[in-house]
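Computed from the coordinates by the stated procedures, all read-outs in this text should not be read as laboratory data. None of the values given here were measured: they were computed from a predicted structure.
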Amino acid sequence: MEYNTKREEMKYREYGRSVKKIIEQVCASEEGEAKNEATRALIPVMGQVSGLSVRDEVSLHKLWDHLMVLSEFRLASAWPYGSEELEQLKQHVEAGNAKPSERLPYRSTTIRHRHYGANLEAMIRQLKNTPDGEEYDALSSLVAQQAKRSYLVWNGELSDDDTIVNQMAQLSGDERVKEHLHGKGIFVNYDTLPVETSGKNKKKKKKK
C-alpha cells in the first residue's frame, strides 16, 4: 500500500489526488483538440470539488490558474486568457510567488462508495452537467479509468467493468454513462497501481 506521507507533496491539496491523477492522464494524451476539450472539461470538475463557481469570472480564472500550476503548464494550449498573462503566471510560479493563501475551504460531504472518495464522486456527479460531444466523451472515459483504479487500490481485486459503470450512472444520475461505457472496457495499467491485484496475478499465471 502506498501512503500519502511517501508521495510527492501536492500543490493545492484541496483538489485531492484523484483530480491530480486525471490531470496527469490528460497531460499524457496526444496533442490536439481532443486534449484541449479534456482540459476544458477539468475546470467544472475542479469547481465541483472545490466549491468555486465557474459562473463567477474571478473564481473561473482562479481555477484556470490552479490547473496550469497543477499540470506544470503542460495544458497551456487550452489556456483562454492570452499568452502574456500566462507568461506572468509562469514567472510568479518560478519565483515561488504562487499564493498558498488562496487555499480553498473544505466542505462536509457524504461518501456513498468509500473506494471512490469524495473528490472522485464529485467528478462522477459532474458528468450529468456535461453536454454531449467530445468534452463528455473525454471526461467520462478519464473518470471511469480513475474509478477503476480507485476500486482496485481499495479492494486489491478485479471488478467487473459493468459494476463500475453502473455505480457511476447511479452516482451521477446520468444514464448516458451506460451508453458510452458499457461493453467497451475500462483500460487500467496494472503496473502503475501501488498495490498488487488479483487481476494482475491472473495475468502473470497465464504467461507461465
Residue-wise HN-Hα coupling along segment 22-39, computed from phi with Karplus coefficients 6.51, -1.76, 1.60 (Hz; x: Gly, Pro): 5, 4, 5, 5, 5, 4, 7, 6, 5, 4, x, 5, 4, 5, 5, 5, 5, 4
Applying the gyration tensor rule to the Cα atoms of segment 10-102 (axes a ≥ b ≥ c; rounded if a/c under 1.5, else prolate if a/b exceeds b/c, else oblate), the class is rounded
Would you kindly state how much longer the chain becomes between residue 73 and residue 163 on full extension, computed as 0.36 nm times their sequence separation minus their alpha carbon distance, in nm to one decimal? 28.9 nm
Distance violations [Cα-Cα > 28 Å] among 62/178; 21/90; 62/184; 11/35; 11/178; 20/62: 62/178; 62/184; 11/178
What is the Cα centroid distance between segment 160-176 and segment 6-56, reported in whole angstrom? 21 Å
Contour minus Cα-Cα distance for residue 187 and residue 81 (0.36 nm per residue): 34.7 nm
